[in-house]
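Here the structure comes first, spelled out in C-alpha cells, and everything after it is commentary.
The values are calculated or read from the model by the stated rules, or taken from the named source; none is laboratory data. Everything numeric here is computed off the predicted structure, so don't read it as measured data. Neighbour counts are summed over all protein chains in view; Cβ atoms, including those assigned to glycine, are modelled from backbone coordinates with ideal geometry.
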Amino acid sequence: MAHAQSDTAIDRITIDPDVCNGKPVVRGLRITVESILDYLSAGEAPETILRQHPMLEPEDISACLAFASRLMGRRYSVKETA
C-alpha cells in the first residue's frame, strides 16, 4: 500500500527541459525538489516552507521526499575525480 501512495505522490513531480533546466520540480511550479529537500535538511519545518511558498500544498513536500527516496533505491556509482 505505501508503494502505491508513493506512486501517487511522485506524480506531483514533473521534469520538463524548459522548466528549471530540466530539474525535477513540484507540479511545474518552478520550485525544485532539490530546493525543498535543502530547506528540510537545513531544519525548516514543512509548515514554514508552506508559509514561504503559499502555492505549495502539504502533499508536495511528501512528494519530494518520496521522489528522493525512490532515487536512493536505484543503483548508482560514484566517480572519483582528481
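When segment 22-39 is examined, which residues are found to be assigned to a helix (DSSP H, G or I) and either touching a Lys or Arg at 6+ places or on another chain (Cβ under 9 Å) or surrounded by 17 or more Cβ atoms within 10 Å (Cβ to Cβ) (or both)? Steps first, answer last, please.
Applying the first criterion (assigned to a helix (DSSP H, G or I)) to segment 22-39 yields 22, 33-39.
Of everything in segment 22-39, those that are assigned to a helix (DSSP H, G or I) and either touching a Lys or Arg at 6+ places or on another chain (Cβ under 9 Å) or surrounded by 17 or more Cβ atoms within 10 Å (Cβ to Cβ) (or both) turn out to be Val33, Glu34, Ser35, Ile36, Tyr39.
Name every residue in segment 41-74 that is among the basic types (Lys, Arg) and either touching a Lys or Arg at 6+ places or on another chain (Cβ under 7 Å) or surrounded by fewer than 10 Cβ atoms within 10 Å (Cβ to Cβ) (or both), in order of residue number. Can you show your working first?
Here is the first cut: in segment 41-74, the ones among the basic types (Lys, Arg) are 51, 70, 74.
Within segment 41-74, just Arg74 meets the criteria.
So, in segment 45-74, exactly how many residues are among the β-branched types (Val, Ile, Thr) and either closer than 22 Å to Thr8 by Cα or assigned to a loop (DSSP other than H, G, I, E, B) (or both)? Spell out the reasoning first.
As a first pass, look at segment 45-74 and keep what is among the β-branched types (Val, Ile, Thr): 48-49, 61.
Imposing the further condition that a residue be either closer than 22 Å to Thr8 by Cα or assigned to a loop (DSSP other than H, G, I, E, B) (or both) reduces the set to 49, 61.
So the count comes out to 2.
Of Ala9, Ala63, which residue is within 15 Å of the chain's Cα centre (by Cα) and modelled with pLDDT of 95 or more? Break it down stepwise before answering.
Numbers: Ala9 fails: modelled with pLDDT of 95 or more.
Just one listed residue meets the conditions, Ala63.
Against the definition (assigned to a helix (DSSP H, G or I), at pLDDT below 95 and either surrounded by fewer than 15 Cβ atoms within 10 Å (Cβ to Cβ) or not hydrophobic (A, V, I, L, M, F, W, C) (or both)), how does Ser77 come out, yes or no?
Judged against the criteria, Ser77 is not a match.
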